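Any read-out appearing in this document is the output of simple, stated calculations on the displayed coordinates, not a laboratory observation. Please read all numbers here as calculations on a predicted model, not as lab measurements. Cβ atoms come from the backbone with ideal geometry, glycine included; neighbour counts cover every protein chain shown.
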């Protein structure tokens, strides 16, 4: 397995503080049927989501392909916030609203009503301590969701999502550049669907079943049959891996294997520059077979990508 240098000690200070998250938006589902409606549309259980807690979930097409994914935060018995990539908000809100029919729920763009901050290192630890991913601390109308940590060698850098009403006092901490937050997100191995990878993957192709994003015991939702069949019939042949690249990568970019440099075998999900300037790290979803033969970008004479260990264990196929 390929490796690359650890971050230099001075850069560790960059990984403590709070970051603006302008790439995120929020859809609000409000009404007495809000939880039930979302439960019937998403890959995770929303009915049993306690008030004040959060979960990861995917919104799929009938073919099981992810059209969006969310960090769900239940702020009241009749209100659920769906935090998602802003570039997918309008079309996701339109599609979800198509399924409301007679359900007593109102779906709306509430981005302007809320503010977000990503918390790293000591700032995250101060808010959520050692809480497990998706556990949430609710205090004074603000909600802080523990996320998967960024893992660098033997070091785990705590991460959390802070969401509060517009105008609320911001959490304490030094300013962290948004691109540093993006790099930490890559190193956590868990990210949300963005527009460049719209309908590119079933949830397991982004490892969602291994990080709490899929509940296989809940009832039906769009694409549920495909998602379940991928898991229980052993048809899943594609996973997301962590890689290092000496060149910049972009979400949606094709990745190839040296044995077949003309046929894409993987897709970049998210990429970010390392804070110390030593290249780029990325999440790439590709066939498990091609991961063994190696990945590269740029054609037959392209640049090789180094495969890095994932910061969590993948659940075995059933």
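Tell me what the chain gives for mean residue ellipticity at 222 nm when only DSSP H runs of n ≥ 4 count, each as -39,500 (n - 2.57), the sum divided by the residue total, rounded to 500 deg cm²/dmol.
It comes out at -4000 deg cm²/dmol, rounded to the nearest 500.
Between (i) 1.13; (ii) 0.96; (iii) 1.05, which matches Rg/Rh (Cα atoms, Kirkwood Rh) calculated for the structure shown?
Given (i) 1.13; (ii) 0.96; (iii) 1.05, the structure-derived one carries the label (ii).
Take the Cβ-Cβ distance between residue 312 and residue 220 as r, set R0 to 25 Å, and report the resulting FRET efficiency rounded to the nearest 0.05.
For residue 312 and residue 220, the calculated efficiency is 0.35.
Can you give me the distance in nm between label points at residue 195 and residue 100, each placed 7 Å from the Cα along the Cα-to-Cβ direction?
Result: 2.3 nm between the two label points.
Looking at the chain as a GNM with Cα springs under 10 Å, which of 150, 304, 124 has the largest mean-square fluctuation?
304
Starting from the Cα-Cα distance between residue 168 and residue 20, subtract it from 0.36 nm times their residue separation and give me the gain in nm to one decimal.
Taking 0.36 nm per residue and subtracting the Cα distance, the gain is 51.9 nm.
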